[in-house]
1. For the subset of segment 184-202 comprising residues that are within 22 Å of the chain's Cα centre (by Cα) and either modelled with pLDDT under 95 or more than 16 Å from the ligand (Cβ to nearest atom) (or both), which member is farthest from Phe246 (Cα to Cα)?
2. From the set of residues in segment 116-131 that are among the acidic types (Asp, Glu) and open to solvent by 50 Å² or more (accessible area, probe 1.4 Å), which is farthest from the ligand (Cβ to nearest atom)?
3. Within segment 323-369, count every residue that is more than 16 Å from the ligand (Cβ to nearest atom), open to solvent by 10 Å² or more (accessible area, probe 1.4 Å) and more than 24 Å from the chain's Cα centre (by Cα).
4. Select from segment 666-696 the residues that are part of a loop (DSSP other than H, G, I, E, B) and modelled with pLDDT under 90 and write down the one among them that is farthest from Lys631 (Cα to Cα).
5. When you go through Gly277, Gly298, Gly259 one by one, which is the residue that is on the phi > 0 side of the Ramachandran plot and either open to solvent by 30 Å² or more (accessible area, probe 1.4 Å) or among the hydroxyl-bearing types (Ser, Thr, Tyr) (or both)?
6. Taking the criterion of being assigned to a helix (DSSP H, G or I), surrounded by 15 or more Cβ atoms within 10 Å (Cβ to Cβ) and modelled with pLDDT of 95 or more, would at least one residue in segment 501-512 satisfy it?
7. I'm trying to understand the selection: among the residues of segment 132-146, which are open to solvent by 10 Å² or more (accessible area, probe 1.4 Å) and either within 14 Å of the ligand (Cβ to nearest atom) or without any contact (Cβ under 8 Å) to a residue 60 or more places away in the chain (or both)?
8. Out of all the residues in segment 16-36, is one or more at pLDDT below 90, open to solvent by less than 80 Å² (accessible area, probe 1.4 Å) and either outside any loop (DSSP other than H, G, I, E, B) or touching a strand residue (DSSP E or B) at 6+ places or on another chain (Cβ under 8 Å) (or both)?
Amino acid sequence: MTENFDLFPAEKPSSSGPAAPEKVAAKVQELRARLNRWAHEYYVLDAPTVPDGEYDRVYQQLEALEGAYPALITPDSPTQRVIGAVLDGLAPVRHVVPMLSIHTETDTEASGAQAFDARVRKELKLAESDLPVTYVAEPKFDGLAMSLRYENGRLVQAATRGDGEVGEDVTHNIRTIRQIPLSLHNAPPVLEVRGEVYMRRADFDALNERQREKGEKTFVNPRNAAAGAVRQLDSGMAAQRPLSFFAYGLGAITPAEAGGPVFATHYEVLQALKSWGFPVAAQVRTAQGASELVAFHGEVGASRAQLPYDIDGVVYKVNRLDWQRSLGFKTREPRWAVAHKYPAQEMSTLMEDIDVQVGRTGKLTPVARLAPVFVGGVTVTNATLHNVFEIRKKGVRVGDTVIVRRAGDVIPEVVSRAPGVRPAYVPNFRMPKACPICGSEVVREKGEANHRCTGGLFCAAQRKEAILHFAQRRAMDIEGLGEKLVDQLVDGQVVKVLPDLYRLGLTALAALDRMAEKSAQNVLDALQKSKQTTLPRFLFGLGIRQVGEATAKDLARHFGGLDAIMDASEEQLLLVPDVGPIVAQSIHTFFAQPHNREVVEQLRKPAPDGCGITWEEGAPAERALQVLAGKTVVLTGTLPTLSRDEAKDMLEAAGAKVAGSVSKKTSYVVAGTEAGSKLAKAEELGVPVLDEDGMLALLKGQA
Ligand code: IVH
């Protein structure tokens, strides 16, 4: 046993805390069983039976009971997955049963499987007239091999493969993987489960997105991210990198003579692993002879891009365990198994240039132009570089040989610089100051990694997205104006700005691909119908960044009419419930662009000059005008985020009078740090004192 096992005095109950009544102990047992069942349904079977909130409620109940009776805490309790222990180093673990590697068949699918099948039949001395050999075919997961040791049904040790003989103890991190049971029912006294720890692509993408946001180094691929997480010394760190697990075999196990289970086939082993609660890949199946192995390779290969995780091939294993034993091993590789690879998902190639693409939301993305390279099953000539900071962090320059990754259906990306000579002088990449599509100014918001085009509706790159957004059901609800139609309208330069939609005629529409006169008329009818709308729908439809449906409604309610919104200062916008500085700035910037105002004017101007979109305007919300009408406020000291002027503007926008000295007539004093005599005076006179948060709450009518 290694040192960190001592962290859990598993069998000896802790001496601290009061002894628990039997009833409590039984309750704790019952809660754990329920939580374990739910976790298995959620993490392994992908079929939750209770809402998350219910799980949390029971989890908290268990935590509370364990808090009151620490003696009841056991290492396999669902509350004990992350223990927060930080190790000095990873302890070596000698594998009782060595962890082998698999021979990789490099031939084409058909001849590879046939060669393997022929070898197996020859070794087993099977005659041609004998039945086909039964194999188990499995995906080859692209993660890292793990051996999980259970003693008396409890997870006691998790070890990496290492050199196959000696690995490293990573129990503390593996315990954080929810798909791995901490305790087993009906398992033999000693059981070693072999399988693969990996990271799902979605988890990997989210992790890298978080790293990018924090300005930290991103991981090259899910395997590297998983390997790094597994080898963390601090399990808290590992827990932040969500890992998954598939079981595919056994290591040491209680022998049959000592009452251990008897398996005749590998397939039975996998069924047993499933029954103990381990995830086994859904694709796993038996296959008769070489032809079914070839079919499996083809089928799994075809679905590879849609799988939620990376695989680098498939594995074929002889199903009968007695045959596995007689086939035996050759050096470190079993003769009863073989791996068959798929095209690599990472390749190196020359980066010839870096272009900038403008996305449908205005985001500028640097894109690498590559010497054509076959990766992940397709020929790739472009790959994303994400943003300027990524380029700098990866240190890649035009002329470098780079590693390109394409996994699943995601956009290929440049993950790093491949070692190699670099041309003598290449300047660092810089973002253009003007949008390459429309020439509008390019900006980068504070704290953001991405550059954006400010062109908005004016920028062709953003037009399609803008039109689809405008037409969607929850905005202007223009039925029939879908992606294919918008593509044609924009590509054919028929629609350049939103108002062009309402200028469409029957002949122009009916002339488009796949547009009969009838459907063209339907689109025109839908456009006509959409003209009668509401202010929130119209506002939302404009596609102002940060303005979703809820904000659009808040804005309409607060200001009553569109003109008031268009002319509002950032301070006035900040008075709207749930509108913060970023949203206020975005709205203000949008309406500060003359071309955006022009679009709005055309849309709402009556026909025949304009499009004739109408809605009913309301009166501004009562408190929008009156929240501080007739009140006198005194500012003193330094506020944490607002400047004195900003605070003053906001107060005045809400109808308050901002005064310089405190008197009996003062309604509120807003005090920051280093507030002096004015604060003292307020306290003396009993005038309410607010901090910045208090002031903001008051302004929004929430105080
Ligand atoms: S069986 C006797 N099955 O591939 C062979 N290995 O070279 C023992 N791997 O790093 C391994 N998916 O972690 C087996 N379905 C699968 C596998 C698999 C991935 C990995 C394994 C090891 C390597 C073996």
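1. Ala202
2. Per the stated criteria, the residue is Glu128.
3. 11
4. Filtering segment 666-696 for residues that are part of a loop (DSSP other than H, G, I, E, B) and modelled with pLDDT under 90, the one farthest from Lys631 (Cα to Cα) comes out as Glu674.
5. One residue alone meets the criteria, Gly259.
6. So far as segment 501-512 goes, yes, one or more of its residues are assigned to a helix (DSSP H, G or I), surrounded by 15 or more Cβ atoms within 10 Å (Cβ to Cβ) and modelled with pLDDT of 95 or more.
7. Hits for segment 132-146 are Lys140, Phe141, Asp142, Gly143, Leu144, Ala145.
8. Checked against the condition, which is being at pLDDT below 90, open to solvent by less than 80 Å² (accessible area, probe 1.4 Å) and either outside any loop (DSSP other than H, G, I, E, B) or touching a strand residue (DSSP E or B) at 6+ places or on another chain (Cβ under 8 Å) (or both), segment 16-36 yields no hits at all.
The values are calculated or read from the model by the stated rules, or taken from the named source; none is laboratory data. Bear in mind the structure is a predicted one, so any value in this text is a computation, not a measurement. FYI the Cβ positions are ideal-geometry reconstructions off the backbone, even for glycines, and counts take in every protein chain you see. All accessible areas refer to the heavy atoms of the entire protein, side chains included, with ligands and DNA or RNA removed. Shrake-Rupley method; radii C 1.70, N 1.55, O 1.52, S 1.80 Å.
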